[in-house]
1. Given B:Ala326, B:Ala335, which one is buried (at least 16 other Cβ atoms within 10 Å of the Cβ) and within 19 Å of the chain's Cα centre (by Cα)?
2. Any idea how many residues of the stretch A:506-515 are hydrophobic (A, V, I, L, M, F, W, C) and surrounded by fewer than 23 Cβ atoms within 10 Å (Cβ to Cβ)?
3. Buried (at least 23 other Cβ atoms within 10 Å of the Cβ), part of a strand (DSSP E or B) and within 23 Å of the chain's Cα centre (by Cα): does that describe B:Cys168?
4. Sort out which residues of the stretch B:523-559 are more than 21 Å from B:Ser455 (Cβ to Cβ) and of a type in the set (Ser, Thr, Tyr), and write them in order of number.
5. If you scan the stretch B:134-187, which residues turn out to be hydroxyl-bearing (Ser, Thr, Tyr) and more than 15 Å from B:Val235 (Cβ to Cβ)?
6. Enumerate the pairs (first residue in the stretch B:203-224 and within 13 Å of B:Leu250 (Cα to Cα); second residue anywhere and charged (D, E, K, R) and in a helix (DSSP H, G or I)) with beta-carbon separation below 6 Å, excluding pairs fewer than 6 apart on the same chain, so at least 6 apart or on different chains.
7. Hey, does the stretch B:266-284 have a residue that's part of a helix (DSSP H, G or I) and in contact with a helix residue (DSSP H, G or I) (Cβ under 9 Å, 6 or more places away or on another chain)?
8. Hey, any hits in the stretch A:535-553 for a residue that's within 16 Å of A:Asp306 (Cα to Cα), touching a residue at least 12 places away in the same chain (Cβ under 8 Å) and of a type in the set (S, T, N, Q)?
Number of protein chains: 2
Amino acid sequence: MEIKSDIEIAQATKMDHVTEIAKKVSIDPKYIEQYGNYKAKIDLNIWNDLKDKPNGKLVLVTAITPTPAGEGKTTTTVGLGDGLRYIGKKSVVALREPSLGPVFGVKGGAAGGGYAQVVPMEDINLHFTGDMHAIGAANNLLAAMLDNHIWQGNALNIDPRRITWRRCVDMNDRQLRNIADGLGGRTNGFPREDGYDITVASEIMAVLCLSSDITDLKARLARIIVGYTYDEKPVTCGDLKAQGAMAALLKDALKPNLVQTLEHTPAFIHGGPFANIAHGCNSVTATKLALKLGDYCVTEAGFGADLGAEKFLDIKCRMAGLKPSAVVIVATVRALKMHGGVPKTELNTENLEALEKGLPNLLQHVENITKVFKLPAVVAINAFPFDTKAELDLVEKRCNELGVNVALSEVWAKGGAGGEALAKEVVRLCESGENNFEFSYDLNLPIKEKLEAISKKIYHADSVELVANAVKQCKQLEDLGFGNVPICMAKTQYSFSDDPAKLGAPKNFKVTVRNLKISAGAGFIVALTGDVMTMPGLPKVPSAEKIDVDASGKISGLF
Amino acid sequence: MEIKSDIEIAQATKMDHVTEIAKKVSIDPKYIEQYGNYKAKIDLNIWNDLKDKPNGKLVLVTAITPTPAGEGKTTTTVGLGDGLRYIGKKSVVALREPSLGPVFGVKGGAAGGGYAQVVPMEDINLHFTGDMHAIGAANNLLAAMLDNHIWQGNALNIDPRRITWRRCVDMNDRQLRNIADGLGGRTNGFPREDGYDITVASEIMAVLCLSSDITDLKARLARIIVGYTYDEKPVTCGDLKAQGAMAALLKDALKPNLVQTLEHTPAFIHGGPFANIAHGCNSVTATKLALKLGDYCVTEAGFGADLGAEKFLDIKCRMAGLKPSAVVIVATVRALKMHGGVPKTELNTENLEALEKGLPNLLQHVENITKVFKLPAVVAINAFPFDTKAELDLVEKRCNELGVNVALSEVWAKGGAGGEALAKEVVRLCESGENNFEFSYDLNLPIKEKLEAISKKIYHADSVELVANAVKQCKQLEDLGFGNVPICMAKTQYSFSDDPAKLGAPKNFKVTVRNLKISAGAGFIVALTGDVMTMPGLPKVPSAEKIDVDASGKISGLF
């Protein structure tokens, strides 16, 4: 059998015009702002027509702890959306939008896979509707206004050594991680150390994704802390009077982007913050709109459930007043065997022992969802050809012991039809009535106790240790009035612990918090347990070398 | 009388849907890619339908040497487009697209003025259809691939001290003019000196504007020189295999953007290269499309006619095979009085003596057009309320002595109706038959002689002097095979000479060329007569502080 590449499958699909997709969810044409024939932004004034309409069911797709074997979370999300349509339900998908930078590195693209993709995949992976560029421009306008303020006399008494605001670009460019700028003499700025992050790591991205409307956006932007004065007082974006112009740059980026799956299910692809230093899920505006327009809104969160689902629930749902009806936890037999110690080269062989050893990773995520957050869950096994019946049966048995069903998902190979079983179980969970959703911690706890709650309840650590510097920052943040905001953990995604080498469900470890940083605009404290890379580099042979476009405008090499 | 601001006039206008604008020039709907309701990109495959259609008349709008009094070149271009429609002619306007950066500085915006504007002005001045961001991304992808190549082992033997490719951002940010990047140790790049230009100064912008299609674009991108090896051989974008991915980023940016004037005349706003280090006019794709779609294509070139018109004619028209039918030279009585020595504060008083003294600036531009380039010309006097009849009569008399008519343009105050006289004279010139258009120099002349031709024939200098370094560069460029490309002069726009203090029509001066640099992708040699600022800074109170957007998405403070 010849296997088609993702881009070949995507380009072979005849898309519906975006106005047809909008019609499926009854969007009044006056709110549609087309970007070509297959992409549109939806004017937020649509909210006036929808606000009294009841919400659909919110379904979160999350996953086990990621391994190099892959899980297929986005693919499952897209396939579940199509699967729900396949069984006659009015579903809408809400996903993160991919960053341009990694497309040119090793990644190639990110819009699902196989027969469960969102399209037009080339556009989604390249400039799409310009949101990333708008975020970059707003970020860099603030940086330019900050440095200009210092250069023009520094009336706010900003300490150039205490500037926390970095510049950004949507590119994998290690050369920009650490720079010295303002060089070249008096007329060319004020020399200082600086650096670039990739755009998705900008706080503006987190702010955009958590803002409910333009008014909220401006208020959040104004609160962003850009640095500190010589006497250590915070200096904000509002002090620099930058929030109005930044919001003007972001007004269209705030509008959700409508596209479609290969099976023409409406899909919002909007916002994509980092899942370590930020909360890692698509925008509040897109999720809320999808909930009003569909009976089922299927959305995903970044990394494994310890990071992505925790933040989705404790940060996004809390801030936006959302309540999920069901959670899908995606796993592959291959990845579970890796958690059980099998190297990547030997994953195609049945290995029940390794699977049994790796299963606690899945089971711990399941229990976190059902017992800590008290939400109904289903495990979706993303099927691979080498999975054996004995392996699948073992996964099912262990999950059933926790009261959770398993659905085999074949959406990569079969699209929505391959998601029928999963869709039916999701519907059953959603219709089984109200749940007792709880956050994993109370906002009014001291910062240290919130860190402990996440580390003990979700990671299953014995304790949390704050290094001396973090202890000091903890007090400073509480003194500045930031004691009662949610915590955004920046921890390795490769382990429940803060050590990427500890696979499975590690026990007897402590979490070490090295740094606490306030993202005052986003409204959370970032707790760093190690170094987080906020500017990737390109590999020896960047995928950019293979990307091309022919004379007719057709792109190749994206996958 | 209450004077409305430009943005107030623009926002008070009811725009036609962009599909209605496209219909006016018979664009098949299948080629329209909407960006919202009032902007569209036109698919270049339209060319297959149009290539055998005869061209309309090409009308270039240029101006006297700019002064702080202003000339209103864009306003006149827009108003002439509307004026031609007013007298029943099928006109299309083709303009440069404004850069985002300066919007936040002092400038506020650039889309014409008064009742001669292009709309939607907020969009045009902010992200528009994303062309600037695409250019920035392509520029910075090349930079990232270049630095990554060095970091990964430097197989091409690139000398990090001889890199000529700079990064760019569409922002006024003096802090980035000179930086050191790659700092922070071995894993974070290779330390070197670097710097940022504003995006419109990127060679990618010039390349995009001169490319006829995707194939030409890729070939030009591949030829771009990014630096030199340790043994001084040029290293190109093609050596880094970056042109395919860059072209993929630019494929939509290459498509002309269709908008409208306040009077619903179709207007292409596409591409905006610097007019000093580049050629300063809108894209070849837009101009050629406008010529196929309209009976009259009205376009403009940057700065005064010595720079903008010269480059439009010697570079753009030569490369694209275009031939103008008429040239409009815009002047104001106020600016001519400034050229005659009157300070800005005293321009509202009649001063025939100063006007007589300043008039040679206009007359020399007129003679350059009619006698060097052998093109029919008209002088458009952009009317101001304090202009006196005696002053206007004097301008007319002196122009008539050169065989050129003068038309009073009141388009700022009256829109197309105020451009009737100008439109009629333009039509008369276009219909008076073929002209004897000539370039100001032959491509096969040695570089030095091309510099002399421009300096003597257009600037009226006595001679050209190359400093020692430029003499060396001249030989190097000829040795590298770049002897027979056009010259792009980077000279002050404030004087015919290379000294911005010399107003009017200076005599007895020499032009000093300090640097010669090849833009191998664009296909011209940049001759620098002094320092050119390629990264502006923000003023003490940036206009960004006043820009805002309200809860409904309406932008204010752009003017």
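1. So the residue among B:Ala326, B:Ala335 that is buried (at least 16 other Cβ atoms within 10 Å of the Cβ) and within 19 Å of the chain's Cα centre (by Cα) is B:Ala326.
2. 1
3. Against the criterion (buried (at least 23 other Cβ atoms within 10 Å of the Cβ), part of a strand (DSSP E or B) and within 23 Å of the chain's Cα centre (by Cα)), B:Cys168 qualifies.
4. B:Thr534, B:Ser543, B:Ser552, B:Ser556
5. Once the filter is applied, which keeps residues that are hydroxyl-bearing (Ser, Thr, Tyr) and more than 15 Å from B:Val235 (Cβ to Cβ), the stretch B:134-187 yields only B:Thr187.
6. B:Val207/B:Arg220; B:Ser211/B:Arg220
7. Checking the stretch B:266-284: at least one residue is part of a helix (DSSP H, G or I) and in contact with a helix residue (DSSP H, G or I) (Cβ under 9 Å, 6 or more places away or on another chain).
8. no
The values are calculated or read from the model by the stated rules, or taken from the named source; none is laboratory data. What you see is a predicted model; the values in this text were computed from it and never measured. All Cβ positions, even for glycine, are placed from backbone atoms using ideal geometry, and neighbour counts span all protein chains on display.
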